[in-house]
Amino acid sequence: MEQTSMFMQDDFASQEGAALQPLAARLRPATLDEFAGQAHLLGEGKVLRRLIEGDTISSMIFWGPPGVGKTTLARIIANRTRSAFVDFSAVNSGVREIRAIMQQAEEARRFGQRTIVFVDEIHRFNKAQQDAFLPFVEKGSIVLIGATTENPSFEVNSALLSRCKVFVLRALETEALTGLLRRALTDARGFGGQRVVIADDLLEAIAVFSNGDARTALSTLEMVVLNGDVQSDGSTLVSEETVAQCTSKRSLLYDKKGDGHYDLISALHKSMRNSDPDAAIYWMARMLEGGEDPLYIARRVTRFASEDIGLADPRALEIAVAAYQACHFIGMPECSVHLTQAVTYMSLAPKSNALYVAYETAKKDAATQLAEPVPLHIRNAPTTLMKQLDYGKGYQYAHDTKEKLTAMECLPESLRGRTYYRPTEEGLEARFRARLAEINEWKAEARRKEGKG
């Protein structure tokens, strides 16, 4: 069985064709030694490096943001392996195509040949497509390598995921990107054949702009060199102004449907919970400047007002709802100040999760005791038949009493005495705690007098 990977076509591209490729494609590493970053996986003695160099890889998934080398690693494996290597496209391959290749791989296995199947953007494969791989991964007909920018816990079938080792690739650090840019200036595949003059601080500025993405860094470098000033001696001078123009619109690392979205809202929520208004405002700004819907942030702040503050400061919910309405009325960018007010208020407010804990505890009882009947005395009795069946019999109307309290039990018999809401001493909740203690003490005394204690 021959290798069918498109990678091999790149390896044998003509010099003319290679010259027409973007800089990022021309400089794609062919060996692990050329690979930038990911020292935690590919440093000397690290597991992934040993697996690749020994051609002993097992099924794995490369997970990381764009431009960190997921596909490049697959190409390096394709060049090193003695196995057949198949490249799959999530866009162009259906279940029928997958099964056809799997059958070929099964035939090759019988003759002692291993097949490695690379699936770029594996998260784009639907459940049926992913399921088609599973039996062949299980019995060893193929070694599966998947690459994804999305969290595989959510995007890859659990059965398939459990049979793959997940390697997390990190966004490249500024130092690694700067080194990559310097290599591009001297490498014959890059600008090694011409003299480019660019200051170190400008290279670093490009690296910072690229947000850990090697492809963006190289594309930006190519742009600034092509727009540089050609000097009388034939060299190309890249000025600060040119770099500024080519990086005028910084691309924030933010995907409203991806992990960045959930990471940032988590950072906002936890900063408010930790009473850190500066961090909370920063994470909120990251989301808004990345294009997040302000109403989404306002909804999350509203949730926070009850989940993490609650009755410690009941005004928090009013502030959150008002901020939501302001966002709805005027939108961005004007509503950013209303969200800042709400986020700052939430950060500085006293904190209590008593309401959240109360509901979560009650939810467990409700889920396991769904058949518990409502006590007859607190059922409504709108018809004569219901009254004859004792619906509402013994109900005590609290407003008829001096204390506006009764000793009537409102929980089902099996849950009598169960406590869900346990107020803290934080903020105004201390007053609710004292009031609840008074209520419970009064009811306990009243029940003792009635002989029900």
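Could you check how much of the accessible area of the range 118-199 is carbon and sulfur, as a whole percent, using a 1.4 Å probe? Write out the running numbers ahead of the final one.
Working: 1850 of 3810 Å².
Carbon-and-sulfur percentage of accessible area, whole number: 49.
If all Cα-Cα distances of the chain are sorted into 20 Å bins from 0 onward, what percent lands in each bin, rounded to whole numbers?
18, 35, 29, 14, 4, 0
Counting alpha carbon pairs within less than 8 Å and at least 6 residues apart, what relative contact order, in whole percent, applies to the chain? Mind dumping the intermediate values first?
Details: 616 pairs, mean separation 49.3, N = 453.
Averaging sequence separation for qualifying contacts and normalising by length gives 11 percent for the chain.
In the range 287-321, which residues have a backbone nitrogen under 18 Å from the label point lying 7 Å from Glu425's Cα in the Cα-to-Cβ direction?
Within reach of a label on Glu425, which here means backbone N under 18 Å from a point 7 Å along Cα→Cβ, the range 287-321 contributes 311-313.
Work out the charge dipole of the range 323-433 with +1 on the Cβ of Lys and Arg and -1 on the Cβ of Asp and Glu about the Cα centre, then indicate which of Ala371, Tyr359, Phe432 is farthest towards its positive end.
Ala371
Taking every pair of Cα atoms in the range 145-236, average 1/r, invert it to obtain the Kirkwood radius, and report Rg/Rh to two decimals.
Details: Rg = 18.3 Å, Rh = 15.4 Å.
Rounded to two decimals, Rg over Rh is 1.18.
What distance in nm lies between label points placed 7 Å from Cα along the C-beta direction at His40 and Glu106?
In this crude spin-label approximation the distance works out to 3.9 nm.
Share of Cα-Cα pairs in the range 231-377 beyond 18 Å, in percent? Each step should come with its number before you reach the end.
Values: 6994 of 10731 pairs.
Pairs farther apart than 18 Å: 65 percent.
Where does the chain land at 222 nm, in deg cm²/dmol rounded to the nearest 500, when only DSSP H runs of n ≥ 4 count, each adding -39500 (n - 2.57), divided by all residues? Display every interim value, and only then the final one.
Working: 22 runs with 224 residues, N = 453.
After summing the helix terms and dividing by residue count, I get -14500 deg cm²/dmol.
Got a sec? Charge dipole of the chain, +1 on Cβ for Lys and Arg, -1 for Asp and Glu; which of Ala320, Ala74, Ala171 is way out at the positive end?
Working it through, the farthest residue towards the positive pole turns out to be Ala320.
Starting from the Cα-Cα distance between Ala434 and His328, subtract it from 0.36 nm times their residue separation and give me the gain in nm to one decimal. Intermediate results must be reported in sequence, preceding the final value.
Details: separation 106, 0.36 × 106 = 38.16 nm, distance 3.84 nm.
So the chain would gain 34.3 nm between Ala434 and His328.
Length gain on complete extension for the stretch Ala362 to Glu450, per 0.36 nm per residue less the alpha carbon to alpha carbon distance?
Numbers: separation 88, 0.36 × 88 = 31.68 nm, distance 2.81 nm.
Between Ala362 and Glu450, full extension yields 28.9 nm more.
Suppose every K and R has +1 on its Cβ and every D and E has -1 on its Cβ; what is the size of the dipole of the chain about the Cα centre, in Debye to the nearest 20? Kindly include the intermediate steps, with their values, before the conclusion.
Working: 55 positive and 59 negative charges, 428 e Å.
Charge dipole of the chain: 2060 debye, to the nearest 20.
Please compute the alpha carbon radius of gyration of the range 374-432, then divide it by the globular-protein estimate 2.2 N^0.38 Å. Two decimals is fine. Mind dumping the intermediate values first?
Details: Rg = 15.8 Å, N = 59, 2.2 N^0.38 = 10.4 Å.
It is 1.53.
How far, in degrees from 0 to 90, does helix 294-304 lean away from the longest principal axis of the Cα atoms of the chain, to the nearest 10?
Between helix and principal axis, roughly 50 degrees.
May I ask for the angle, rounded to the nearest 10°, between helix 336-348 and the longest principal axis of the chain, with both axes built from Cα atoms and the value confined to 0 to 90°?
60 degrees
Could you rank the peptides 216-226, 272-282 by their average count of other C-beta atoms within 10 Å per residue, with the highest value first?
Details: 216-226: 21.5, 272-282: 17.1.
So the order, starting with the most tightly packed, is 216-226, 272-282.
Check the straight Cα-Cα distances from Lys127 and name the aspartates and glutamates below 14 Å, setting aside those fewer than 8 residues away within the same chain.
Glu155
The values are calculated or read from the model by the stated rules, or taken from the named source; none is laboratory data. The shown structure was predicted, so the numbers you read here are calculated from the model rather than taken from an experiment. Positions of Cβ are generated from backbone atoms using ideal geometry, with glycine treated the same way; all protein chains shown enter the neighbour counts. Protein only, heavy atoms only, side chains kept; ligands, DNA and RNA dropped before computing areas. Shrake-Rupley method; radii C 1.70, N 1.55, O 1.52, S 1.80 Å.
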